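The values are calculated or read from the model by the stated rules, or taken from the named source; none is laboratory data. Model, not experiment: these values are computed from the prediction. Cβ coordinates were reconstructed from backbone atoms using ideal geometry, including for glycine residues, and neighbour counts include every protein chain displayed. Areas reflect the complete protein model, heavy atoms only, side chains present, ligands, DNA and RNA absent. Shrake-Rupley method; radii C 1.70, N 1.55, O 1.52, S 1.80 Å.
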Amino acid sequence: MMNRRNFLRTTTAAAAAFSTGNAFAALAADVQYRKNIGIQLYTLRGPLGKDPAGTLVKVAEMGYKQVEMYGFPNCKPLIDGSKAAGLTMNSTHFNWDSAVNPKDAEFSDFRKILDQAKEIGLKHLVVPSLMGGNRSSADAWKKTAENLNKAAEHAKAAGIELGYHNHAFEFQPMKEGGTGYEIFMKEFSKDMKFEVDVFWVKVAGIDPAELITKLSGRVTQLHLKDLKKDFKTPNFGGVSGDAYKELGNGQIEFEPILAAAKKAGVVHCHVEQDVSPDPLASVKQSIEWLAKL
């Protein structure tokens, strides 16, 4: 996400910042992530379900500049509330079956979604996950990649980038060898992008900054949330609710992640916290943590 510190000018200063743990200290004051800090609205699904308009006003008052929606295109209250609150909408998670399991060769359902996305000015559509059948074997992963590549062509023609958002299961070794994510890295076309969720990458026991660097030019967005300090990785057996932490409250080092993101050409970053006893307080705490650094 973003930071108010000036870019460290020298290698010595950068090393000092890393040693003192001052997250984001190496980011320029005008870095795009800081100026356009975003939030994945799934974090606030509880409050949004009760009062979408009021919740989105609170999001804007906290200092968030953009939102990434979920459930598109069936999320009109989120669209209307974001517009009213002055929050930019660049990206959304969407009903992904239209792209992953198209009902016809023309991807007609997905193209309808593209039309709706284009109408409100979205630039990114993101597949949020996969069901079991689409990730049951190496062949299933390859078929999924094939369909997403075709969908990405349609998206590109509409002026929209299609991306894939990871959890941890993509990195779990398969019986055949390798992982689903490795298949995606190999099989995705240049038009099919990645949205890297750094929390889940860390849960899988992988360094997020290294992955972002490896995917340079192919990552359009990041999800930023923290992982509790005593959580042991890799873990493919499920994550309890208390594992999700506000930024700065866990074990993830964000400075190298954001430095790698800048070099890799990442466009947007979104705060996310899947589980919280008080989601509005959590996202407020995360943005305040960023502002103090």
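Using the structure shown, list the pairs from Lys112/Lys214; Lys190/Lys263; Lys103/Lys143 with a Cα-Cα distance above 24 Å, or answer none. Don't skip to the answer; put the middle values down first.
On the way: Lys112/Lys214 33 Å; Lys190/Lys263 18 Å; Lys103/Lys143 14 Å.
Long pairs (Cα-Cα over 24 Å): Lys112/Lys214.
Placing unit charges on the Cβ atoms of the charged side chains and taking the dipole of the chain about its Cα centre, the candidate lying farthest along the positive direction among Leu41, Ala84, Phe199 is Ala84.
Run the accessible area of the chain with a 1.4 Å probe and give the carbon-and-sulfur part as a rounded percent. Can you show the working numbers first?
Details: 6470 of 12930 Å².
Carbon and sulfur atoms account for 50 percent of the accessible area of the chain.
The phi-based Karplus calculation (6.51 cos²θ - 1.76 cosθ + 1.60; θ = phi - 60°) puts the 3J(HN,Hα) values of region 41-54 at 5, 4, 3, 9, 4, x, x, 5, x, 8, 8, x, 5, x Hz, whole numbers, x for Gly and Pro. For a straight C-alpha distance cut-off of 12 angstrom, the aspartates and glutamates reachable from Lys225 (same-chain residues fewer than eight places away being disregarded) are Asp197, Glu246, Glu253, Glu272, Asp274.
Summed over qualifying helices (DSSP H, 4 residues or more, each -39500 (n - 2.57)) and divided by its residue number, the chain shows a 222 nm mean residue ellipticity of -12000 deg cm²/dmol. A Förster radius of 30 Å combined with the Cβ-Cβ distance from Asp278 to Gln251 puts the calculated FRET efficiency at roughly 0.90. Using R0 = 35 Å, the C-beta based FRET efficiency linking Asp139 and Ser108 works out to 0.90. Amide H contacts of Val127: Gly163, Tyr164, His165, each under 5 Å away and 5 or more positions distant or on a separate chain (H built 1.01 Å from N in the peptide plane; Pro and chain starts excluded). Straight-distance candidates among the aspartates and glutamates for linking to Lys118, with alpha-carbon spacing under 12 Å and chain neighbours fewer than 8 residues away dropped: Glu161. Taking the Cα centroid of region 139-197 and of region 224-293, what is the distance between the two, rounded to the nearest whole Å? Using only Cα atoms to place each centre, the spacing works out to 23 Å. Computed from backbone phi with θ = phi - 60° and the Karplus coefficients 6.51, -1.76 and 1.60, the 3J(HN,Hα) list for region 227-240 is 10, 3, 5, 9, 6, 8, 10, x, 9, 10, x, x, 10, 6 Hz; x is used for glycine and proline.
At an R0 of 35 angstrom, the distance between the Cβ atoms of Asp230 and Lys76 translates into a FRET efficiency of 0.25.
For region 182-293, the per residue solvent-accessible surface stands at 41 Å², with DNA, RNA and ligands left out and a 1.4 Å probe. Descending by average beta-carbon neighbour count within 10 Å, the peptides 57-66, 245-254 line up as 245-254, 57-66, the highest first. When each of the peptides 86-97, 123-134 is scored by how many other beta carbons lie within 10 Å of its residues on average, the order from highest to lowest is 86-97, 123-134. Identify which of Gly71, Gly205, Gly177 has the largest mean-square fluctuation in a Gaussian network model of the chain, with springs joining Cα atoms closer than 10 Å. Largest GNM mean-square fluctuation: Gly177.
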